[in-house]
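Visitor: Encoded as structure tokens, here's the structure I'll be asking about.
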Amino acid sequence: MKRLNGKTCLVTGAGKGIGRATCLRLAEEGAHVAVTDIEDDDGKAVCDSITEQGGTAHYWHLDVTDPDAVRKVFDAVADRFGQIDVLVNNAGIAGANKPTHEIDPEEWRKVIEVNVNAVFYCTRAAIPHLKKAGGGSIVNLSSIYGLVGAPDLPPYHASKGAVRLMSKTDALLYASEGIRVNSVHPGFIWTPLVAELAEASEEGAEAFRKGLDDLHPIGHVGAPEDIAAGVAYLASDDAKFVTGSELVIDGGYTAR
Ligand SMILES: NC(=O)c1ccc[n+]([C@@H]2O[C@H](COP(=O)([O-])OP(=O)(O)OC[C@H]3O[C@@H](n4cnc5c(N)ncnc54)[C@H](O)[C@@H]3O)[C@@H](O)[C@H]2O)c1
């Protein structure tokens with residue numbers, strides 16, 4: 001049974017990595033997928049993959065840090081597909097990877113703008129559409145770095161901790177209107193975001209990846225599809241009693 005038949009799902013930062021895998025999975029589950037990103041070629045390629053498999057998708061250019069553009073694109077998605085039922089706040093950046101005292105305020109603000117403020121802009125724009133649809137689901141990509149500390153990426157940790165609690169507050173604010181809000185907490189997932197950290201590392205990409213594998217009790221980093229499966233669950237009615245929760249998909253990273 002396709003769990004998302006007839007639902008419209010909007011995914012931000014959907015051109016690569018977890019966003020891309022999520023779009024493909026949501027389409028497999030029967031959703032109409034609104035693919036949005038700042039990298040147009042990547043986003044259009046995701047739509048092509050979905051339509052080749054018989055699914056329904058359309059691409060919109062969307063920089064999530066532009067609140068006016070967010071509103072316009074969300075309205076355009078609702079116009080095209082009739083409504084919006086699911087928002088996946090996936091767009092995110094790793095940002096400056098230096099000790100806290102070496103980070104410029106501008107570097108700090110950039111991460112907060114993309115990873116935190118834009119989740120607010122997108123949630124704010126989505127809520128009227130979800131209400132109109134009679135309810136819905138918002139899935140926010142946090143991280144293991146929103147649950148536990150590590151001696152790296154200070155602004156990223158701050159941003160993902162914020163997303164975890166924004167999800168709970170919105171879960172409480174909108175529960176009575178049938179809108180569920182949950183956060184997802186991936187361990188390290190091999191995506192362009194992590195590959196770039198590996199390339200920039202002092203020990204070299206291969207040693208970096210081996211080090212990451214060893215951090216996960218299950219023995220390896222995750223794949224984007226591992227996270228897409230969790231997002232599809234939270235988007236669907238299988239999770240109809242799930243709100244304000246934290247879905248940890250991390251190969252055991254935070255179990256210790
Ligand atoms: N990869 C991991 O190990 C991991 C772990 C935990 C959480 N996450 C989170 O999952 C999400 C996706 O991560 P990923 O690894 O797939 O990243 P990625 O870098 O592979 O892809 C991110 C996508 O977001 C887009 N993007 C960046 N800035 C944007 C903006 N301003 N507006 C719109 N789109 C923008 C990029 O173009 C890209 O397509 C992020 O929120 C990330 O923090 C990732």
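The values are calculated or read from the model by the stated rules, or taken from the named source; none is laboratory data. From a predicted model like this one, the values you see are computed outputs, not experimental measurements. Counting neighbours? That spans all protein chains shown, and the Cβs are built from the backbone with ideal geometry, glycine included. Each accessible area value is taken on the protein alone, full model and side chains, heavy atoms only, with ligands, DNA and RNA left out. Shrake-Rupley method; radii C 1.70, N 1.55, O 1.52, S 1.80 Å.
Visitor: If each DSSP helix of 4+ residues adds -39,500 (n - 2.57) and the sum is divided by the residues in the chain, what number results at 222 nm, nearest 500 deg cm²/dmol?
Guide: Values: 9 runs with 116 residues, N = 256.
-14500 deg cm²/dmol, from helical runs alone.
Visitor: Of the listed pairs 110/132; 7/132; 2/160; 7/44; 168/240; 44/168, which have alpha-carbon separations greater than 24 Å here? Kindly include the intermediate steps, with their values, before the conclusion.
Guide: Details: 110/132 33 Å; 7/132 13 Å; 2/160 31 Å; 7/44 20 Å; 168/240 16 Å; 44/168 33 Å.
As for pairs spanning more than 24 Å Cα to Cα, those are 110/132; 2/160; 44/168.
Visitor: Taking amide H atoms as placed 1.01 Å from N in the peptide plane, list the residues 5 or more away in sequence, or in a different chain, whose amide H sits under 5 Å from that of residue 136.
Guide: Here the answer is 179, 180, since their amide H atoms fall under 5 Å of that of residue 136.
Visitor: Roughly how many nanometres apart are two label points built 7 Å out from the Cα toward the Cβ at residue 68 and residue 124?
Guide: Those two pseudo-labels are separated by 1.4 nm.
Visitor: Could you tell me the center-to-center distance, by alpha carbons, between segment 85-113 and segment 28-50 in angstrom?
Guide: Between the Cα centre of segment 85-113 and that of segment 28-50, the gap is 24 Å.
Visitor: By how many degrees, between 0 and 90 and to the nearest 10, does the Cα long axis of helix 40-52 differ from the longest principal axis of the chain?
Guide: Tilt of helix 40-52: around 60 degrees.
Visitor: Now for a different question. Among 144, 189, 103, which one moves the most in a GNM of the chain with springs linking Cα atoms closer than 10 Å?
Guide: 103
Visitor: Return one whole number: the accessible area per residue of the chain in Å², for a 1.4 Å probe. Can you show the working numbers first?
Guide: Values: 11740 Å² over 256 residues.
I get 46 Å² per residue for the chain.
Visitor: Place a +1 charge on the Cβ of each Lys and Arg in the chain and a -1 charge on the Cβ of each Asp and Glu, then give the dipole magnitude about the Cα centre in debye, rounded to the nearest 20. Intermediate values should be presented prior to the final figure.
Guide: Numbers: 24 positive and 36 negative charges, 232 e Å.
It comes to approximately 1120 debye.
Visitor: For the chain, build the charge dipole from Cβ charges (+1 Lys, Arg; -1 Asp, Glu) around the Cα centre, then report which of 92, 51, 135 sits farthest towards its positive end.
Guide: Result: 135.
Visitor: P(r) for the chain: what percent of alpha-carbon pairs falls in each 5 Å bin, starting at zero?
Guide: 1, 7, 14, 18, 21, 17, 12, 6, 3, 1, 0
Visitor: From Cα pairs below 8 angstrom and at least 6 apart in sequence, can you work out the relative contact order of the chain, rounded to a whole percent?
Guide: Numbers: 529 pairs, mean separation 50.8, N = 256.
Computed over the chain, the figure is 20 percent.
Visitor: In addition: State the Cα centre-to-centre distance between segment 154-174 and segment 233-256 in whole Å.
Guide: When both Cα centres are located, 15 Å separates them.
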